[in-house]
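Below: one structure, written as structure tokens.
The values are calculated or read from the model by the stated rules, or taken from the named source; none is laboratory data. Predicted model only: the values in this text are computed from it and were never measured. Methodologically, a virtual Cβ is constructed for each residue, glycine included, from the backbone with ideal geometry; neighbour enumeration extends over all protein chains shown.
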Amino acid sequence: MQKTIEETMESYPYEKGGITLIEAKALSKYAECVTSGVIVEIGSYKGKSALAIAHGVNALKRDNPPQIFCVDPHKAFVGELGGIFGPEDRKDFFKLMLDSEAYKYVSLINVESTVLTKGWNKPIGLLFIDGDHRYGAVRDDYESWYPHVIDGGIIALDDSKPLPGQKLGSAEFAQELINSGCEPVETVGKITFFRKPCTINTTIKNASIRTLLIYAEQNIVSGGLIRFARLGQLLRSRGIQVSFCFENHHGKWHPEGFEVLSPEEALKRKWGATLVPGAGFSQRFISALETKRGEQFGFRIQAVLNDRSCKEKFIAVNRAFKPTSVFFNNTDWFEGSYTDFLAKKFHVIEGAVDSSRFYPCIAPKSRSEFVIGISTKSLERMLPVMQTLRGNEVLHVMGEIPSSIRENSIFQQLNEHKKIIEAGQLNEDGLVDFYHQCHCVVHVESFAGWANTAAEAMACGVPLICTHAGTKGFARNRDTALVLDTYSTDACVSAIEEVSTYYDKALLRAQCARKAIQTFSWDKFCDDFMAMLVDDGREHYLRLPQLNMHGKWPVSTRTEVLPFLEKFINEATVFDAGCAEGYIAHRLLNAGCARLDGVELDGGRVLTARALSANDPRANFMHGSVAPWCEFQDEFGEKLLAKYDMVLYLAVHQHLPKAERITTLTGLLDLAATWFVMRVPAIFYEDDELVKTISDAGFNMYSEHLTGHHGGAGPIRLYKRDKSL
């Protein structure tokens, strides 16, 4: 039997470490509450606080308990209050770990804490800062380690309350946090405990990922690959080395300044992250992505670089690659449109343009002809437009023109009359010169991801005519561009004639466009990309980016149950069997429920739920599963009420092992004193055993609510216990 914390601490006197028994109890308690991530202690001295933390971890009785990392260089050092520290403390630390057997959980890292964070890649559930107590050092420790703490994780500051006559930097910094609005969970002895709230991550200064592999089928000239070469230049300045790997090296694009590997060479290495750009691949290549799921490929990223018209191909890549994260480079993928994708989290990181390189032209443009700039992707649509226009319009085309278009009779006719000028493939300097010649740029693709041509034209101050494809994030009709809601040859002709006739108005619009596009900078793109690379230890469920939740399910698809519960919630006790990140629980607490107990299998989501509830004493979130029911009762039975006014069983039933469903349902029905709220795909209600189980438990259906949302969560049913039985 495990020793009590009192027995454990009594075995080692105070001089083995500067914590009291009540502080040791608190550290043990919070360690026992770590449901996701590791535990980090900054400043370990002789190991007594590490022993208290290890006691809490041991109490978890989990197959995979959180690791404890104690960070202390154990160098000769005089503390702020005159304490002497040095290598001899390391000897006492090791002896204590051996004598207590805490070494089974604790790893000592003998290095300065702020040096270590530069390559740290493990999400943290509990951070205990007890190192150098000078103000600047405490602040550095906090700011360096804070980004690695999971939302809902605990940050504990030692010596946060000075004794009479003392002046401690650690206490000064703790008070600053409180004054800035950080509300402590509690202060025990001289240790103050804070819980990290759900907030958007600050800019990541140091990358924990050091290598990124861009893996594609062939080195073709494409905006997607060129985009990641540009990103790679910025990532290199932030400590991430980017390499490219192609199955086929016979294409025309060669990323200058980057390492290009064969698949065999890439397989010999271990990568921090691997990114698959787009989905324009053969079926053979897509199927082979299954071999790129191993640990050696690190954090796996699927880059969705086109709109929803290519969804089927992107889904195929998604299933084969099984990415850690999916990011979309355009807003055509609205919330709820990608629920078929699988990943731990989802981000929208729109494209970027270098507004310092792409700048407005000062030199006057040609007066003898009206130059319309396009990329080859718009050429087919522009042929009948040019045939219709009867003025001095000339079409300048960048990119390689396909032979199929060259064979088009309209193209040949226009080419013969010198109405088409081929610019060919252009580097960035050539692109700037291209735009500077144009009186307007036309982007009329039927589908696209991020429209580079349109964005670059805007940055160069050139009037833009475009469709919505690839431009939804920045093109606003008659504000920054002329946007064709529905494309037709006549509509495009009219737009070009309007720009030509009222060119001064078009230039004013272009000035607004340049100002708007400047917000889409490469620095911001890089910041957002690096934030995506952070593994925060959870599989995101709901989509609430403002609360750092990057799941695929729109909040509205899950909160639609709330209006049906409003009149029953006030002063009610509630059990939520599958609370996810606790957002519904958060709303019910705000609505006035008396007590809310929730259970969730994903430990990261449990921490998020605790963060959302803001340490509300009415809330209790448990890390576990309701199935098998007997095991759930054995572990958590003492923490539960005998009955709850309401039990929520929302979109959980279908995810349980089939053999456990009815037993679990029966147990949950027994917990419900009055209301049982169930949500499950409609097909499950056709199971006579499910309906009979609910009826036999004494419940009648009170109301049913259908939903129009895609996603398979199914109708919501409220059952009320028949108390006459």
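To keep it simple, each residue is scored yes or no on (1) surrounded by 23 or more Cβ atoms within 10 Å (Cβ to Cβ); (2) among the β-branched types (Val, Ile, Thr).
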residue: Ile569; (1), (2): no, yes
residue: Asp576; (1), (2): yes, no
residue: Cys579; (1), (2): yes, no
residue: Arg587; (1), (2): no, no
residue: Ala591; (1), (2): no, no
residue: Leu596; (1), (2): yes, no
residue: Leu607; (1), (2): yes, no
residue: Asp645; (1), (2): no, no
residue: Leu648; (1), (2): yes, no
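Of Asp92, Asp63, Asp99, all but one fail to be among the charged types (D, E, K, R) and assigned to a loop (DSSP other than H, G, I, E, B); the exception is Asp63. Among the residues making up region 112-143, a single one is without any contact (Cβ under 8 Å) to a residue 40 or more places away in the chain and under 21 Å from the mean Cα position of the chain (by Cα): Glu143. Of all the listed residues (Val626, Val652), the sole one being under 18 Å from Arg605 (Cα atoms), touching a strand residue (DSSP E or B) at 6+ places or on another chain (Cβ under 9 Å) and without any contact (Cβ under 8 Å) to a residue 60 or more places away in the chain is Val626.
The one condition from (1) in a helix (DSSP H, G or I); (2) modelled with pLDDT of 95 or more that Gly430 does not meet is (2). Considering only residues that are more than 10 Å from the chain's Cα centre (by Cα), outside any loop (DSSP other than H, G, I, E, B) and not charged (D, E, K, R), look in region 545-560 and name the one that is surrounded by the fewest Cβ atoms within 10 Å (Cβ to Cβ). Looking at residues that are more than 10 Å from the chain's Cα centre (by Cα), outside any loop (DSSP other than H, G, I, E, B) and not charged (D, E, K, R), I get Gln546.
Just one of the listed residues (Asp89, Asp63) is under 39 Å from the mean Cα position of the chain (by Cα) and modelled with pLDDT under 90, namely Asp63. In the set Glu422, Glu428, which member is surrounded by fewer than 15 Cβ atoms within 10 Å (Cβ to Cβ), closer than 24 Å to Met458 by Cα, in contact (Cβ under 8 Å) with a residue 40 or more places away in the chain and in the same structural domain as Cys460 (by TED's automatic domain parsing)? When all the criteria are applied, what remains is Glu428. Of the residues Thr192, Thr199, Thr187, the single one that is under 26 Å from the mean Cα position of the chain (by Cα) and not in a helix (DSSP H, G or I) is Thr199.
Looking at region 566-581, which of the residues that are part of a helix (DSSP H, G or I) and more than 23 Å from Thr608 (Cα to Cα) is modelled with the highest pLDDT? Looking at the filtered set, the residue picked out is Phe568.
Hey, does region 674-686 have a residue that's assigned to a helix (DSSP H, G or I), over 21 Å from Phe564 (Cβ atoms) and among the small types (Gly, Ala, Ser)? Looking through region 674-686, none of the residues is assigned to a helix (DSSP H, G or I), over 21 Å from Phe564 (Cβ atoms) and among the small types (Gly, Ala, Ser). Each residue in region 340-379 was checked for being free of Cβ contacts under 8 Å to residues at least 60 places away in the same chain and not hydroxyl-bearing (Ser, Thr, Tyr), and 8 of them qualify.
Considering region 388-419, and only residues there that are out of contact with any Lys or Arg (no Cβ under 9 Å at 6 or more places or on another chain) and of a type in the set (Val, Ile, Thr), the residue that is surrounded by the most Cβ atoms within 10 Å (Cβ to Cβ) turns out to be Val397.
Scanning region 617-634 for residues that are in a helix (DSSP H, G or I) and either within 10 Å of Val599 (Cβ to Cβ) or touching a Pro at 6+ places or on another chain (Cβ under 6 Å) (or both) yields a single hit, Phe632.
The C-beta contact set for region 158-184 (first residue among the aliphatic types (A, V, I, L, M), second residue at pLDDT 95 or above, distance under 6 angstrom, 6+ apart or interchain) comprises Ala174/Leu157; Ala174/Thr192. Only residues that are among the β-branched types (Val, Ile, Thr) and in contact (Cβ under 8 Å) with a residue 40 or more places away in the chain were counted across region 214-234, and they come to 2. Residues in region 109-128 that are buried (at least 20 other Cβ atoms within 10 Å of the Cβ) and farther than 21 Å from Cys198 by Cβ: Ser113, Thr117, Phe128. When each of Val317, Val353 is tested for being crowded, with 19+ Cβ neighbours inside 10 Å, part of a helix (DSSP H, G or I) and outside the structural domain of Gly461 (by TED's automatic domain parsing), the lone residue that passes is Val317. Within region 672-706, the residues that satisfy the criterion of being surrounded by fewer than 16 Cβ atoms within 10 Å (Cβ to Cβ) and at pLDDT below 85 are Glu686, Asp687, Asp688, Leu706.
Residues that are aliphatic (A, V, I, L, M) and in a loop (DSSP other than H, G, I, E, B) were ranked within region 461-476; the one that is nearest to Ile374 (Cα to Cα) is Val462. Residues in region 395-422 that are of a type in the set (A, V, I, L, M) and more than 14 Å from Thr453 (Cα to Cα): Leu395, Ile401, Ile405, Ile410, Leu414, Ile420, Ile421.
Restricting attention to region 223-279, which residues are in a helix (DSSP H, G or I), aliphatic (A, V, I, L, M) and either touching a Leu at 6+ places or on another chain (Cβ under 7 Å) or buried (at least 19 other Cβ atoms within 10 Å of the Cβ) (or both)? Selection gives Leu225, Leu231, Leu235, Ala266. Total residues in region 147-184 satisfying the condition of being within 18 Å of Gly83 (Cβ to Cβ) and either outside the structural domain of Gly83 (by TED's automatic domain parsing) or part of a strand (DSSP E or B) (or both): the figure is 1.
Criterion applied to Ser309, Ser287 was being outside the structural domain of Gly430 (by TED's automatic domain parsing), part of a helix (DSSP H, G or I), among the small types (Gly, Ala, Ser) and modelled with pLDDT under 95, and the one residue passing it is Ser309. Kindly indicate whether Pro323 is assigned to a loop (DSSP other than H, G, I, E, B) and in contact with a Leu (Cβ under 9 Å, 6 or more places away or on another chain). Criteria met by Pro323.
Hey, can you tell me all the residues within region 489-544 that are within 17 Å of Gly373 (Cα to Cα), hydroxyl-bearing (Ser, Thr, Tyr) and surrounded by fewer than 18 Cβ atoms within 10 Å (Cβ to Cβ)? Correct list: Thr489, Ser494, Tyr503. Kindly indicate which of Phe93, Phe85 is in contact with a His (Cβ under 9 Å, 6 or more places away or on another chain) and under 21 Å from Ser11 (Cα atoms). Exactly one residue qualifies, and that residue is Phe93.
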